[in-house]
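What follows is a single structure, written as structure tokens, with notes after it.
The values are calculated or read from the model by the stated rules, or taken from the named source; none is laboratory data. Note that the structure is a prediction, hence the values are computed from the model and not measured. Note that each Cβ is placed from the backbone with ideal geometry, even for glycine, and that neighbours are counted across all protein chains shown. The protein model used for the area step is the full one, side chains on, heavy atoms only, and it has no ligands, DNA or RNA in it. Shrake-Rupley method; radii C 1.70, N 1.55, O 1.52, S 1.80 Å.
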Amino acid sequence: ARRRAEIERLRADDKPSRLSSLAPLFEPKDKKALSTAREQLIQAGYRSRAAVQTYFVARVLGAVLLAVGALLYSLLRGSEAQMLAYTVVGGMAVGYFAPNYWVTRRRGARQQEIQDGFPDALDMMLVCVEAGQSLDQALMRVADEITHAHPSLAEEFQIVSVEMRAGKERATVLRDFANRSGVQDVGSFVTVL
């Protein structure tokens, strides 16, 4: 029964989201802009398939909703035409840039958490390797140990461990780890390895 529930959950993840019908209208056609947005969202911790679609839809809908809200507020207050225009444009700008601000803040906080926890994780990995464990085993052990103190870094180590066990090439897995984290120290560590 538990296996069936897991299969159903995986099938549900493959179904197109409600946003997939709106996303082509709002997403940029430029592949570089899409890949940049995808990278920023991954570095902020948003890995789902619909994260990019949600981001672009939220920008447009936020702009529209806040512009309408600002218009209604100005009309109820009886503002002059010039003030009405400023309020609507201001509401539209806030609604459009708010998702970007949120992702940037979340990305910065996550990168700071990874950077703060990385020296401790390296020390623990060194102890594990000196005790005779392989790099794969050391990564799994460190991920388990730092889960409560540095959850973002633990999650990244778990992803690395799972990808290595799945047979993905070690150099590729470590490069992906450096790209996902976006932290200079992690990039240096990957280069050394």
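Between the helical axis of 2-14 and the longest alpha-carbon principal axis of the chain there is an angle of about 50 degrees.
Per-atom-type breakdown for the chain gives carbon and sulfur 58% of the accessible area (1.4 Å probe, protein chains only). The relative contact order of the chain comes to 18 percent, based on Cα pairs under 8 Å that sit 6 or more residues apart. Per residue, region 71-193 exposes 62 Å² of accessible surface when a 1.4 Å probe is rolled over the protein heavy atoms with every protein chain present. By the helix-only formula, in which each DSSP H run with n ≥ 4 contributes -39500 (n - 2.57) and the sum is divided by residues, the chain has a 222 nm mean residue ellipticity of -27000 deg cm²/dmol.
How far is helix 31-43 tilted off the main Cα axis of the chain, in degrees rounded to 10, range 0 to 90? With both axes taken from Cα atoms, the answer is about 60 degrees.
In loop segments of region 86-177 as defined by DSSP, the GluC sites (Glu not before Pro) with at most 12 further C-beta atoms inside 10 Å of their C-beta are E169. Against the set (i) 187; (ii) 120; (iii) 132, the structure's computed volume of the Cα convex hull per residue in Å³ falls on (i). Can you find, among L76, A154, G132, the residue farthest towards the positive end of the dipole of the chain? Put +1 on the C-beta of Lys and Arg, -1 on that of Asp and Glu. Among L76, A154, G132, the one farthest towards the positive end of the dipole of the chain is L76.
Against the chain, whose longest principal axis comes from its Cα atoms, helix 151-165 is set at around 60 degrees. Taking the Cα centre of the chain as the origin, how large is its charge dipole in debye, to the nearest 20, when only Lys and Arg (+1) and Asp and Glu (-1) carry charge on their Cβ atoms? That gives the chain a dipole magnitude of about 1000 debye.
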